[in-house]
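Structure record follows, encoded as structure tokens.
The values are calculated or read from the model by the stated rules, or taken from the named source; none is laboratory data. As the structure is a prediction and not an experimental result, all values here were calculated from the model. No Cβ is skipped: glycine too gets one built from the backbone with ideal geometry, and neighbour counts run over all protein chains shown.
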Amino acid sequence: MGAGAVCSGKYGELSNMRKFVILFVGVAALMFANSVEALHTGWTADEGAEKLKNPFASDAGAVAEGKKIYEENCAKCHGAEGKGKGASSMSLQIELPDFSDKDMSHAETDGEWFWKIRTGQFEMPPFQLKIKDDEVWKVITYIRTLAK
Ligand code: HEC
């Protein structure tokens, strides 16, 4: 034991530090590439999704049920009024859609939204294993009522 051991100890620390820096830079680059891609590609549902019919469209009971599902699963990001200003939206990189905007809300069919909510993308989590298909339709029926 002597100067040599101390020296190699220091060297070991340095190379760990280096590994950490490389890992950090790698992860940061990956996250950046991911977000750039998501921001620029837009998001379209699979072909054919637009033709799926909402079995609960304009069903008054579904609106009430959909509201509950929305408040439990969606409001933290999309906001209670659907304007995309929920508490968690602050930490997201993507600007959330405004469901209360008629133009936005009517740009896509219920079928396309059904596909998107089940599938998810980037910061929008997939819900196909979290909520039942009927519940996805009901939550869509509710979101439609937010557009004035
Ligand atoms: C963790 C935050 C988060 C949660 C929770 C969340 N969303 Fe989203 N949602 C997003 C983001 C971010 C986008 C935009 C994704 C994009 O454009 O790439 C999005 C997009 C959408 C879209 C697509 C709108 C469009 O532009 O076509 C719909 C519909 C939607 N969400 C519905 C829901 C519903 C319904 C729930 C609850 C069951 C929900 N979201 C829960 C973050 C969230």
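Data table
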| item | result |
| --- | --- |
| Residue in the range 93-139 that is nearest to the chain's Cα centre (by Cα), counting only those that are of a type in the set (A, V, I, L, M) and within 19 Å of GLU81 (Cα to Cα) | MET124 |
| Residues satisfying the stated conditions in the range 39-63, i.e. farther than 16 Å from GLU108 by Cβ and either surrounded by 13 or more Cβ atoms within 10 Å (Cβ to Cβ) or touching a Ser or Thr at 6+ places or on another chain (Cβ under 8 Å) (or both) | PRO55, PHE56, SER58, ASP59, ALA62, VAL63 |
| Matching residues in the range 38-61 - criterion: being within 13 Å of the ligand (Cβ to nearest atom), of a type outside the set (Asp, Glu) and assigned to a helix (DSSP H, G or I) | ALA38, LEU39, HIS40, THR41, ALA49 |
| Tally of residues being in contact (Cβ under 8 Å) with a residue 12 or more places away in the chain, part of a loop (DSSP other than H, G, I, E, B) and either surrounded by fewer than 17 Cβ atoms within 10 Å (Cβ to Cβ) or near the ligand (Cβ under 8 Å from one of its atoms) (or both) across the range 87-99 | 6 |
| Members of the range 87-101 that are in contact with a helix residue (DSSP H, G or I) (Cβ under 6 Å, 6 or more places away or on another chain) and at pLDDT 95 or above | ASP98, PHE99 |
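Residue by residue, here is whether (1) of a type in the set (D, E, K, R); (2) touching a helix residue (DSSP H, G or I) at 6+ places or on another chain (Cβ under 8 Å); (3) surrounded by fewer than 16 Cβ atoms within 10 Å (Cβ to Cβ) holds:
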residue	(1), (2), (3)
ASP103	yes, no, yes
THR109	no, yes, no
TRP115	no, yes, no
LEU129	no, no, yes
ASP134	yes, no, yes
TRP137	no, yes, no
ILE140	no, yes, no
ILE143	no, yes, no
ALA147	no, yes, yes
